[in-house]
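Novice: Before anything else, here's the structure in question.
The values are calculated or read from the model by the stated rules, or taken from the named source; none is laboratory data. Not measured: the values here are computed from a predicted model. Note: ideal-geometry Cβ built from the backbone for every residue, glycine included; neighbour counts use all protein chains shown.
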Amino acid sequence: MSFPRKRESSFYRIILKKSINKMNQNSKKIIIFITAASKKEAENIAGILVEEKLAACCNIIDSVSSIFRWEGKICNEDELLLIVKRSSELFNEIVKKVKEIHSYDVPEIIALPIIDGSDDYLKWIDDEIKC
């Protein structure tokens with residue numbers, strides 16, 4: 001394993017600091033990844049999240065291959081991936097809602113920050129969700 005040299009480490013700290021500052025300017029918008037077992041399930045989750053204003057938009061990507069360990073076995077499954085856009089407020093409410101309606105015991109629900117984006121699009125996200 002190779003560790004970054006001191007100069008590289010400083011560079012990454014600067015980039016991270018700039019990214020966090022930019023993220024703070026964008027009201028902490030996030031993208032949430034949620035996997036689903038079927039198109040019907042993905043559409044149901046997306047519809048509920050948008051209807052309840054927990055998400056501004058949900059994209060559904062068909063046929064994602066997932067390889068993971070579950071209950072001691074290596075699994076290789078075809079899944080769908082939801083890409084959910086919103087601000088970070090109420091993330092826990094999304095987790096709760098998805099767990100209520102999802103078929104998996106432990107669904108993937110992870111969030112990543114949106115560092116930057118079109119001002120019009122980021123404003124639209126705010127207009128379409130409850131905070």
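Novice: Quick check on GLU108: is it of a type outside the set (S, T, N, Q), within 18 Å of the chain's Cα centre (by Cα) and farther than 17 Å from PHE33 by Cβ? I'd like the intermediate steps shown before the answer.
Specialist: Numbers: of a type outside the set (S, T, N, Q): yes; within 18 Å of the chain's Cα centre (by Cα): yes; farther than 17 Å from PHE33 by Cβ: no.
Against the criterion (of a type outside the set (S, T, N, Q), within 18 Å of the chain's Cα centre (by Cα) and farther than 17 Å from PHE33 by Cβ), GLU108 does not qualify.
Novice: Say whether the condition of being modelled with pLDDT of 95 or more and at positive phi is met by at least one residue in region 72-79.
Specialist: There is at least one residue in region 72-79 that is modelled with pLDDT of 95 or more and at positive phi.
Novice: Shifting gears a bit: So SER10 ticks every box in (1) small (Gly, Ala, Ser); (2) farther than 22 Å from ILE114 by Cα; (3) at pLDDT 95 or above but one. Which box is left unticked?
Specialist: So the condition that SER10 fails would be (3).
Novice: Take the residues in region 83-119 that are in contact with a strand residue (DSSP E or B) (Cβ under 9 Å, 6 or more places away or on another chain) and in a helix (DSSP H, G or I); name whichever of them is surrounded by the fewest Cβ atoms within 10 Å (Cβ to Cβ).
Specialist: LYS99
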